[in-house]
Amino acid sequence: MSNEKTNGGSGATLISAGTTVKGDISSNSDLRIDGTIIGNVNSASKIIIGDSGKVEGDISSNQADIVGKVSGNIKTKDLVQLRGECVINGNVYAGKLQVEPTATFNGQCHMGNIEKAAVNVAEIAKNGNGIKATAQ
């Protein structure tokens, strides 16, 4: 998969409606997605998924504000906001979670220290053969 990197700067990166990106995206600044991303999205700042935005992959950032659709796990150090008619199919790992009544969330939520939560999930995940699964 290809990588798109946005270095420094205070401006936000925009993936506009009607645009489809296949591959992983990394950004040091805010990232707004109104188009479609098929791949993982990482930001050192904030990720905003607009109402026409769609991500098929995992999201990792400091904060996330989601109005569109996400099929994958969401991991943030701080706040995840699930707004409006958003549809989330995946697990959420966040310091704080805010969910509006009209949002749809199908998955598990792990709050607090994200690194510690990932370790706890790995410890309890075992299959029938007694082999321990690891979280990534």
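The convex hull built on the alpha-carbon positions of region 26-80 has an orientation-averaged projected area of 2.9 nm².
How much net charge surrounds Gly72 when only the other residues with a Cβ under 15 Å from the Cβ of Gly72 are counted, with Lys and Arg +1 and Asp and Glu -1? Walk me through the numbers before you get to the answer.
On the way: positive: Lys22, Lys54, Lys69, Lys75; negative: Asp24, Glu56, Asp58.
So the surrounding residues net to +1.
Summarising the amide proton neighbourhood of Gly95: residues at separation of 5 or more, or on other chains, whose placed amide H is nearer than 5 Å comprise Thr76, Asp78, Gly112. Taking each residue as 0.36 nm, the span from Ala17 to Ser71 lengthens on full extension beyond its C-alpha to C-alpha distance by 17.7 nm. Amide H contacts under 5 Å for Val21: Thr36, Ile37, Ile38, restricted to partners 5 or more places along the chain or on a different chain, H placed in the peptide plane at 1.01 Å from N.
Here the gap between Glu100 and Ser45, fully extended at 0.36 nm per residue and compared with their Cα-Cα distance, gives a gain of 17.6 nm.
Near the amide H of Asp30, within less than 5 Å, lie the amide hydrogens of Thr13, Lys46, all on another chain or at least 5 residues away, with H placed in the peptide plane.
Residues in region 62-69 carry Karplus couplings, in order, of 6, 9, 9, 10, 10, 10, x, 10 Hz; the curve used is 6.51 cos²θ - 1.76 cosθ + 1.60 with θ = phi - 60°, and Gly or Pro positions show x.
FYI, it's all coordinate maths here, none of it is from the lab. Quick caveat, the model's predicted, so the values are computed rather than measured. Note: ideal-geometry Cβ built from the backbone for every residue, glycine included; neighbour counts use all protein chains shown.
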